[in-house]
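First up is the structure itself, then whatever we jot down about it.
The values are calculated or read from the model by the stated rules, or taken from the named source; none is laboratory data. All figures in this text were calculated on a predicted structure; none of them were measured in a lab. Here Cβ is always computed from backbone atoms with ideal geometry, including for glycine, and neighbour counts include all displayed protein chains.
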């Protein structure tokens, strides 16, 4: 089973500049890919495959004066930006054809530099690493200090670096735990009734009481500190 673990990271000013460059390059590649597919559609050309699109907006683009600076960031970051675009297209097509149930999915839209939340993703191909001293090593960014609230249960398969609207940075790791989604317990032959209430969250017929969680009161106490 895949689980996600989020931690606060504290990049230095120089690392913040490197991350800003990576955020910008990922956005440009996403938008260039979207623009290329829209142009092909308008010209009556066939749909650009994922591979052809990667060659066009990453490999070939790096050889042009207008996009040479794409080489300043990890290639995996650029590839993952295109992967997000490809996923958005697949979800849109599945929604249009009825293969995807639920609310209709809109076609991909251009990413704006004015969006407050920014994110880039590194997979194992990027060779990111959690070092022995607890820092997170990212290619072409450096070693980031991480505020570990708990250890990772296994080696992560990917890490997403997020900058939120408040200017804070987070590392979101995806790990494979190897655990089943749910443990099936053997039948006990016993039955129990459950009453839900306000004073107590639940009361079992054999007398066990579960106190209702006081989320609002806890939050209020925290705010007064």
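Only one of 112, 54, 74 is touching a strand residue (DSSP E or B) at 6+ places or on another chain (Cβ under 9 Å) and under 27 Å from residue 16 (Cα atoms); which?
Step by step, each of 112, 54, 74 is checked, and only 74 is touching a strand residue (DSSP E or B) at 6+ places or on another chain (Cβ under 9 Å) and under 27 Å from residue 16 (Cα atoms).
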Only one of 48, 19 is within 23 Å of residue 118 (Cβ to Cβ), modelled with pLDDT of 95 or more and in the same structural domain as residue 81 (by TED's automatic domain parsing); which? 19
If we keep just the residues of the range 155-178 that are part of a loop (DSSP other than H, G, I, E, B) and more than 17 Å from residue 15 (Cβ to Cβ), which is farthest from the chain's Cα centre (by Cα)? 178
Going by the structure shown, is residue 24 surrounded by fewer than 19 Cβ atoms within 10 Å (Cβ to Cβ) and on the phi > 0 side of the Ramachandran plot? no
Filter the range 127-152 for residues that are surrounded by 12 or more Cβ atoms within 10 Å (Cβ to Cβ) and outside any loop (DSSP other than H, G, I, E, B) and give the result. 129, 130, 136, 137, 138, 142, 143, 144, 145, 146
Pairs, first assigned by TED's automatic domain parsing to the domain that holds residue 55 in the range 79-105, second modelled with pLDDT under 90 and surrounded by fewer than 16 Cβ atoms within 10 Å (Cβ to Cβ), C-beta under 6 Å, six or more apart: 94/100; 95/104
Report, ordered by the first and then the second residue, all pairs with beta carbons closer than 6 Å, sequence separation of six or more or different chains, a first member in the range 138-167 that is within 12 Å of residue 126 (Cβ to Cβ), and a second member that is in a loop (DSSP other than H, G, I, E, B) and at pLDDT 95 or above. 138/128; 139/74; 140/73; 140/74; 159/128
Return the pair list, or none, for Cβ contacts closer than 7 Å from residues in the range 118-134 that are in contact (Cβ under 8 Å) with a residue 24 or more places away in the chain to residues that are assigned to a loop (DSSP other than H, G, I, E, B), at least 6 apart or on different chains. 122/74; 122/128; 126/74; 126/139; 128/139
For residue 176, only one of the following conditions fails: (1) modelled with pLDDT under 95; (2) under 22 Å from residue 25 (Cα atoms). What is its number? (2)
